[in-house]
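First comes the structure, then the notes that go with it.
The values are calculated or read from the model by the stated rules, or taken from the named source; none is laboratory data. Quantities reported herein were computed from a predicted structural model and do not represent experimental measurements. Reconstructed Cβ throughout: ideal geometry from the backbone, glycine too, with neighbour counts over all protein chains shown.
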Amino acid sequence: MNIVRRIRLVCCLALLAALIGTPALQIVMRGVFNVPMSGAEELARYFLIALTMLGASYVTHGGGQIRMEEIQALFPPRVRFALQALIEVTTVMLFATMTVASVDSIVQNLDNQTATLEMPYWLFMAPLTLGMSMLTLEHLLLLAQTLRRGRAYEKHTTLA
């Protein structure tokens, strides 16, 4: 799993560079050469979406998601454990549902493409499918850790 996480991190860094580079290149092309890049806005939007979808599981693995730990700390340990397990189960169900829905959307729209760049729909939707499947996997791992521990995690605040 560490290799997958490392590949994901490299992809996120590349997407961040592309997200920064696309508008910068558009400014140079328009301002210096007076030749605007067609589709730069759509491409930058795609990089932003891809970065967000792929980066979400990286943030989850690092513990940077909002967990409302201060509120959970008010409950007794058994209730807190049940609450944490319930949260992980429902989160896995949500992200698994989103994964299946995005795959279904891709299958239903294989002949479609985006308006400006004419990017195939499956390529446009791929970051959502990958991101949701990786979030499902990360939360499955968190659920397994929670159940294996048999008790609630202590309150800890992670700033990422």
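Key figures for this structure:
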{"quantity": "Verdict on LEU25 being buried (at least 17 other Cβ atoms within 10 Å of the Cβ) and out of contact with any Cys (no Cβ under 8 Å at 6 or more places or on another chain)", "calculated": "no"}
{"quantity": "Residue in region 82-97 that is farther than 27 Å from GLY21 by Cβ and either among the aromatic types (Phe, Trp, Tyr) or in a loop (DSSP other than H, G, I, E, B) (or both) present", "calculated": "yes"}
{"quantity": "Number of positions in region 103-124 that are touching a residue at least 12 places away in the same chain (Cβ under 8 Å) and assigned to a loop (DSSP other than H, G, I, E, B)", "calculated": "7"}
{"quantity": "Counted residues, region 25-64 - those being within 23 Å of MET119 (Cα to Cα), without any contact (Cβ under 8 Å) to a residue 40 or more places away in the chain and not in a helix (DSSP H, G or I)", "calculated": "3"}
{"quantity": "Odd one out for THR146, checked against (1) out of contact with any strand residue (DSSP E or B) (no Cβ under 7 Å at 6 or more places or on another chain); (2) modelled with pLDDT under 95; (3) among the polar types (S, T, N, Q); (4) surrounded by fewer than 18 Cβ atoms within 10 Å (Cβ to Cβ)", "calculated": "(4)"}
